[in-house]
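Have a look at the structure below before the remarks.
Quick note: the coordinates plus some simple rules give every number you see, no bench work behind them. This is a predicted model, so every value here is computed, not measured. When we count neighbours, we look across all protein chains shown, and the Cβ atoms used for this are built from the backbone with ideal geometry, even at glycine.
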Amino acid sequence: MPRAVTWLVLAVAILWSLGSADMGLEKLPGAMARLSEFLGRMLPPDMSIWPEVLQGMAETLRIAILGTFFAVLFSVVLGILAAETLVPPAIWRPVRSLLAIVRAIPLILVAMLMVGAVGLGPLPGILAVTFHATGMLAKFYAEAIDTVSPEPVKALESAGATRLQQLRWGIWPQMAPVVLRDTVFRFELNLRESLILGIVGAGGIGLYVQTYVRSFQYDKAATVTLAIIVLVLLSETVNTALQKRFS
């Protein structure tokens, strides 16, 4: 598609969205006063609940860690099955379609289904994160396999190496930096998503957000919000450090 046509399509899409969105801009003048009133109820934060908040943060972190770990295990197998350079089209095409379906299902819906299946607590959160993350990681792993240089693989094949040996010595050294980068990125995303899973009863600190907001305890909700900000900033710092380490 020519560049001019691309820009024209984008312009038409933006103008169409602006013209039909019914955004209700007349509500903006009074929004600041209502927002200030709401924020005023959150100050000062109630730090007496900090032990409970720390417990919720630890549970959220466990959900993200275990969800990422199990997603990596499944993604290794599915990533190989979805790689065009390793398996025939009769295998990789259905697997990639399956991964696309997995990615299309909203995480919050998966979490609700898991809560209904196994009950409240961190287990449905771990299962939901595992399911949702696998759809993305397996796709990334497959693409990483497909982008490696074929020369080392052909050399190993001509030497009589098996498929597993080709993957271990010809493909993995080339794709390792990409795989590690994508895995670290997905862990950070899993952590952020785990923060809201408690809203549907899937464990983690999100449960405290729901509880305090619904009971109008905004000062306690402010403490939970501060804890979430700290956790996200720490994860961002660790992610940046790991990205530099693997790049």
Query - Cα-based Kirkwood hydrodynamic radius, region 47-245, one decimal, Å - result: 18.3
Report task. Could you please report the charge total around Ala128, scoring K, R as +1 and D, E as -1 over all other residues with beta-carbon less than 15 angstrom from its beta-carbon? Result -> +2
Query raised in the report: Among all helices in the chain defined by DSSP H, which have a length of 15 Å or more along the axis from Cα atoms plus a Kyte-Doolittle mean of at least 0.5?
Result: 3-20, 50-81, 89-104, 107-118, 122-146, 218-246
Query raised in the report: Is the shape of region 98-164 best called rounded, prolate or oblate, per the rule: a/c under 1.5 gives rounded, else a/b larger than b/c gives prolate, else oblate, with a ≥ b ≥ c the square roots of the Cα gyration tensor eigenvalues?
Result: prolate
Requested in this report: Please list 73-79, 123-129, 148-154, 50-56 highest first by mean number of surrounding beta-carbon atoms within 10 Å per residue.
Outcome: 123-129, 73-79, 50-56, 148-154
Report task. Find out how many positive minus negative residues lie around Thr223, taking Lys and Arg as positive, Asp and Glu as negative, among other residues whose Cβ is under 11 Å from that of Thr223. Result -> -2
